[in-house]
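Take a look at the structure set out below.
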Amino acid sequence: MSEATLDRVLQINEQLRKLSHAGVPIDLGLNTFDDGASEDRVDEIVDRANAALKLRVELGQPLVDAIAAAPELSASYRASLQTWLTLDDPTAAMDSLTVPAQRRFAVNQSMGVSLIQPMLLVVLTFIAFIVLCSFTVPRLIELDAQVWRRPTGVLAILEQVRATMPIWMVVIPVLFVVGWIAWQRRSLRRTVHRWLPGGQRYLDALQYSRYSEQLATFLEHDLPLDQSMRLADPSLGAQIERHESMPPLLRWALTSDLGGEPLPSVLRFVSLTYRQIADQHGVLWRIIAPAFVTALLGGLLVLAYGLSLFVPMIEMLNHIAFTELVH
């Protein structure tokens, strides 16, 4: 490749840097969960990639081979540059790095907003527990003293907890605020984790959607199918060529009789379908998970608060009744 072509690759890397500085999430494929690396991280990756490509081209290696061999480039980053070189279409290359990241960013952001409700429940319960320790527990201890009884059981535990109030009243809110800020900062740039329910299926659906969309773009530019499959996603394309772990809808699109429908149109339909599947899995974290967490936390906290309040009362009444029977 000519030096002019290398300059154009450096220009698209510079555009990636500017998009990152503008706050656009970018999926550089650093790892499974990195959807929108920080500006400094993007700058570091782009600088390292530029230096590696310049060095390889100066040593006489063709640019296409340099992009394919450079370990500084992730698979998705490499595929994006190869897309741009093959199609001379910067829009398709940029979309492959930004569109999936923006979708995951939206899911993460809505998930964070959905968690506000259970967090408010925790805060209100914490305030109620402070009121319990500040006013109700001393009153219960005073009632026990009036019947010549020392606090036992739950009331004794609450008395010890009340004695440490100056510590946990400060530590718990600080930990809560720090944890919330860390979660917000982390969730803005990281996708859902594989170990969450439906997390792996969500990530797979996004990958298949992006792959189908890129494959359709390559075929519309009259590239052969085998080359398009390798360019869209080298690892997934190799699996499909060997008929290993082929996604069902992609298998249907690539191996079935389409009744005269153009393959690129069918692949865009497949991409849309996988995108909708991913959105359905995203509902799990936006709606179902927060509702479940709120119900679970609410039930446990109300149970704990009720036991803390009524068990000492029952124990005291039981003691009074037993004392009356003895006398």
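The values are calculated or read from the model by the stated rules, or taken from the named source; none is laboratory data. If you're wondering where the values come from, they're calculated on a predicted model, not measured in any experiment. Here Cβ is always computed from backbone atoms with ideal geometry, including for glycine, and neighbour counts include all displayed protein chains. Heads up: the accessible areas ignore ligands, DNA and RNA and are worked out on the full protein's heavy atoms, side chains in. Shrake-Rupley method; radii C 1.70, N 1.55, O 1.52, S 1.80 Å.
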Checked the range 199-245 for anything under 28 Å from the mean Cα position of the chain (by Cα), exposed (fewer than 14 other Cβ atoms within 10 Å of the Cβ) and either at pLDDT 75 or above or not aliphatic (A, V, I, L, M) (or both); matches are Ser235, Glu244, Ser245
Thr273 vs (1) open to solvent by less than 50 Å² (accessible area, probe 1.4 Å); (2) at pLDDT below 80: all pass except (2)
Exactly one of Leu317, Leu303, Leu297 is free of Cβ contacts under 8 Å to residues at least 24 places away in the same chain and within 17 Å of Thr125 (Cβ to Cβ), and that one is Leu303
**Message:** Against the condition at pLDDT below 80, within 22 Å of Met316 (Cα to Cα), over 23 Å from the mean Cα position of the chain (by Cα) and surrounded by fewer than 19 Cβ atoms within 10 Å (Cβ to Cβ), how does Leu132 come out, does it pass?
**Reply:** no
Given (1) open to solvent by 60 Å² or more (accessible area, probe 1.4 Å); (2) closer than 29 Å to Glu159 by Cα; (3) modelled with pLDDT of 80 or more, Tyr305 misses just (3)
Among residues of the range 140-175 being closer than 30 Å to Met119 by Cβ and among the charged types (D, E, K, R), the residue least open to solvent (accessible area, probe 1.4 Å) is Glu159
Of the residues in the range 73-105 that are over 20 Å from Leu6 (Cα atoms) and not hydroxyl-bearing (Ser, Thr, Tyr), the one that is surrounded by the fewest Cβ atoms within 10 Å (Cβ to Cβ) is Gln102
Here the qualifying pairs (Cβ atoms under 6 Å; residues six or more apart or on different chains; first in the range 71-83 and without any contact (Cβ under 8 Å) to a residue 40 or more places away in the chain and farther than 24 Å from Pro224 by Cβ; second of a type outside the set (Ser, Thr, Tyr) and open to solvent by 20 Å² or more (accessible area, probe 1.4 Å)) come out as Glu72/Arg48
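State whether one or more residues within the range 28-39 are in a loop (DSSP other than H, G, I, E, B) and at pLDDT 75 or above. Break it down into steps so the answer makes sense when it comes.
Going residue by residue through the range 28-39, those that are in a loop (DSSP other than H, G, I, E, B) are 28-33, 35-38.
Right, trim to at pLDDT 75 or above and you get none.
Taking every residue of the range 28-39 in turn, none turns out to be in a loop (DSSP other than H, G, I, E, B) and at pLDDT 75 or above.
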